[in-house]
Every structure is written in structure tokens, then in C-alpha cells.
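Here, each number is a calculation from the coordinates, and none is a lab measurement. It should be emphasised that the depicted structure is a prediction, and the values quoted were computed from it without experimental measurement. With ideal geometry, Cβ positions are generated from the backbone for all residues, glycine too; neighbour counts draw on all protein chains shown.
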Amino acid sequence: KGGPGMQEMLTPTSLIMGMGLGDKVALITDGRFSGATRGACIGHVSPEASEGGIIALVKDGDKIHINVHDGSLELLVSYEELEHRRVHFKPKTKEIKSKWLKRYSLLVTNAANGAVLKTEI
């Protein structure tokens, strides 16, 4: 919803692989992936960053535990630190000049709800 639209992550995954970091770096995003994705890539994380989801609270240097077997992610930051970050969170805004994209951004649901257009306002 912050795009508007779910951003395609082909460029970041290509850069990670091209730099030879595919076995050292995981890409975790609220964006989406195409069929060309390789390596440790986790997408469609929700709630999205634009809605204040936990992915918006991740900072450089934070450790994230990925449990493939259980299908879970855990941000290894204390509850107190997460609450501090949540209180100070300010969603990034971007001016949408296109009337169609503005309409889309107002009517589309978030990724957790299918990223589809609402039929009722």
C-alpha cells in the first residue's frame, strides 16, 4: 500500500547475487518476488511498513531469526526497544500526482487482505 502497489524485488535480489552475497544475505521485505528469485528471500511480510508493521521498525544491525521449518521470523530486539521505535515511528509519505494512482491508493486493501480494490468505500 505504500507504493502504491507491491514493489517487485528483482533488482535487489539480482544485486545481492551479483555481489556474491547470496549465501550470506537474506532479503526480507513487504514487497513481492517474481519467479526469478534465488537465495534466502522472504516477501509479502505484513502488516506492511507503510502501515507501521514490525518490518518498519527494523534498523540496520538488527538480527532476525529465520525459522524455515516453522515458517516464522523473529526480530531479536527487546520488547522495550520495539515499543520505543513504535512510539517514534512516522510513516513515509510520498506525493501521488497521478489521479488514477491516488484513487488506487485510497481503494486498495493491504497485502494481508489480498491487495485488491475495495468494492465499497
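The table that follows gives values for the structure above.
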| item | result |
| --- | --- |
| For segment 89-105, Karplus couplings with θ = phi - 60° (6.51, -1.76, 1.60), whole Hz, Gly/Pro x | 6, 10, x, 6, 10, 9, 5, 9, 7, 6, 5, 5, 5, 4, 4, 4, 4 |
| Peptides ranked, highest mean first, by Cβ atoms within 10 Å: ranges 27-35, 12-20 | 27-35, 12-20 |
| Relative contact order (%) - the chain, alpha-carbon pairs under 8 angstrom, separation at least six | 23 percent |
| Order of SER46, SER78 - criterion: other Cβ atoms within 10 Å of each residue's Cβ, fewest first | SER78, SER46 |
| Links that overshoot a 25 Å alpha carbon limit, given the list LYS94/LYS118; LYS59/LYS118; LYS59/LYS97; LYS59/LYS90; LYS24/LYS63 | LYS59/LYS118; LYS59/LYS97 |
| Residues ILE66, ILE55, sorted so that the one with the fewest Cβ neighbours within 10 Å comes first | ILE66, ILE55 |
| Simple Cβ-charge dipole of the chain, Lys/Arg +1 and Asp/Glu -1, about Cα centre, in debye nearest 20 | 700 debye |
| Dipole of the chain, positive end: most advanced residue of PHE89, GLY52, THR119 [Cβ charges, Cα centre] | THR119 |
| Distribution of pairwise C-alpha distances over the chain, 5 Å bins, in % | 2, 9, 17, 19, 21, 16, 10, 5, 1, 0 |
| Choice from HIS84, HIS69, HIS44 with maximal GNM fluctuation in the chain (Cα, 10 Å cutoff) | HIS69 |
| In order through segment 68-81: 3J(HN,Hα) via Karplus (6.51 cos²θ - 1.76 cosθ + 1.60), integer Hz, x for Gly, Pro | 5, 4, 8, x, 10, 10, 9, 7, 8, 9, 4, 4, 4, 5 |
| Amide H contacts of VAL108 (H built 1.01 Å from N, under 5 Å, at least 5 apart or other chain) | LYS118 |
| HN-Hα J in Hz across segment 24-31 - Karplus 6.51, -1.76, 1.60, θ = phi - 60°, x for Gly and Pro | 10, 10, 10, 9, 10, 8, 8, x |
| For GLU8, distant residues with modelled amide H under 5 Å away | ARG32 |
| Share antiparallel - DSSP beta bridges, the chain, percent rounded to 5 | 60 percent |
| Gaussian network model of the chain, springs between alpha carbon atoms under 10 Å - residue of GLU74, GLU95, GLU48 with greatest fluctuation | GLU95 |
